[in-house]
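The values are calculated or read from the model by the stated rules, or taken from the named source; none is laboratory data. All values derive from a computational prediction rather than experimental measurement. With ideal geometry, Cβ positions are generated from the backbone for all residues, glycine too; neighbour counts draw on all protein chains shown.
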Amino acid sequence: MTAFSLEPAQLAWCAELRTLAAERLHPLADKGEPGHVNRALVAELGSLGLLGRLFTSGALDLCLMRESLAYACTEAETALALQGLGAHPVHAYGTEAQRARWLPRVTAGTAIAAFALSEPGAGSDAAALELRAEADASRTGRSSDTAQAGRSSDAPVLAAAPDGPARWRLTGEKCWISNAPEADFYTVFARTTPGAGARGVTAFLVPADRPGLTGRGLDMLSPHPIGALDFDAVPVTADDVLGEADRGFRVAMGTLNLFRPSVGAFAVGMAQAALDATLAHTAGRDAFGGKLRDLQAVSHQVAEMALRTEAARLMVHAAASAYDADDPDVPRRSAMAKLLATETAQYVVDTAVQLHGARALQRGHLLEHLYREVRAPRIYEGASEVQRGIIAKELYARQEAR
């Protein structure tokens, strides 16, 4: 199979997912409260076996799932994607004990996961995060003068206590975290080595009931749950580390490289829904003695919408296939796919609104809903400007390597 065609079984699966989203997931989404986790919807995703596929399928299957669900029910798509984003670090980098405790519940839809990377001062510049993981004073030791050579005089030494592993206290804030503050556990990225940039970040699995962890919801344009988290000396141990200490940025980038193309798939699903709605509207709407589609200005816009949507879909499939093939060019391809697809979806939905006129601005109209949903993907998981930076960096690195 190439990145430019799908097998009949894949096409049939996509059609089945669109039907499930429309008939079983959309009614549950309608009963949810905007800005809050819809646990009934997440549980249904689990019962349908879709959450389990987050950890058994490749990147292309993830993209097909997200596009198909987004076409018929953006809330279901987002609920599925957030489970994957929050739990993928546990699946890919967690210990056996961590996976055994959380992944069955995530798969069943009974535990809500969240990915806590962004901060008030470190959104696009994720390497600048400031949430501190400081040595617990009760478990901080001082080594010999020889061992202290090369260290600042006030830097604590993390030492395993006689009765257990080394411990840290998390202090600071996370912001714009999807599923916060209602998640059951968080993948949290904290600075364990000051001044070390991306090299001094550690990923922790933090259950929501840890003392000192509080949060609040944020009222955002997009209707899915987003909040802020406050860490007041939240205790974590070596058993909570995902991957290796000071190697957490690898966990973050490994997760984002997988999910960036699928953010593009989410965008393509919304674009296709807007395009199909526009085709139906312009074919049936009487205007100026004929149908809207008879106006060249309209038909050319519809053609442009279709062209951009298909181009974005192909780039998403190519990036996902590259990920599945373990291609070394994944960062560039993922960034390109996410950038093109999200910018395309913004254009397509906006054009669809224009061609529908005032009716598309009414609360409850499909395009009114898509117009609110489509804006955020151009920012989260790396804003469009960040994607351009990644693309340029990869291009110049390749040029220098020649």
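Selection of first residues in segment 179-190 that are within 16 Å of His224 (Cβ to Cβ) and in the same structural domain as Pro235 (by TED's automatic domain parsing) and of second residues that are modelled with pLDDT of 95 or more and hydroxyl-bearing (Ser, Thr, Tyr), restricted to Cβ pairs under 8 Å at least 6 apart or on distinct chains, gives the following pairs, ordered by first then second residue: Ala180/Tyr186; Pro181/Thr214. Looking at Asp327, Asp350, Asp276, just one residue is of a type outside the set (S, T, N, Q) and modelled with pLDDT under 95, and that residue is Asp327.
Sub-7 Å Cβ pairs linking a first residue in segment 306-327 that is of a type outside the set (D, E, K, R) to a second residue that is surrounded by 15 or more Cβ atoms within 10 Å (Cβ to Cβ) and not in a helix (DSSP H, G or I), at least 6 apart or interchain, are His317/Ala3; Ala318/Ala3; Ser321/Ala3, ordered by first then second residue. Of all positions in segment 295-308, none carries a residue that is within 12 Å of Leu60 (Cα to Cα) and surrounded by 14 or more Cβ atoms within 10 Å (Cβ to Cβ). Restricting segment 100-119 to residues that are within 19 Å of the chain's Cα centre (by Cα) and of a type in the set (Ser, Thr, Tyr), the residue that is farthest from Ala40 (Cα to Cα) is Ser118. A single member of Arg388, Arg333, Arg375, Arg402 is free of Cβ contacts under 8 Å to residues at least 12 places away in the same chain and among the charged types (D, E, K, R), and it is Arg402. Just wondering, is there one or more residues in segment 227-247 that are under 30 Å from Leu17 (Cα atoms), touching a Ser or Thr at 6+ places or on another chain (Cβ under 9 Å) and either assigned to a helix (DSSP H, G or I) or not assigned by TED's automatic domain parsing to the domain that holds Glu75 (or both)? Yes.
Of the residues that make up segment 107-129, is at least one in a helix (DSSP H, G or I) and at pLDDT 95 or above? Yes: segment 107-129 contains one or more residues that are in a helix (DSSP H, G or I) and at pLDDT 95 or above.
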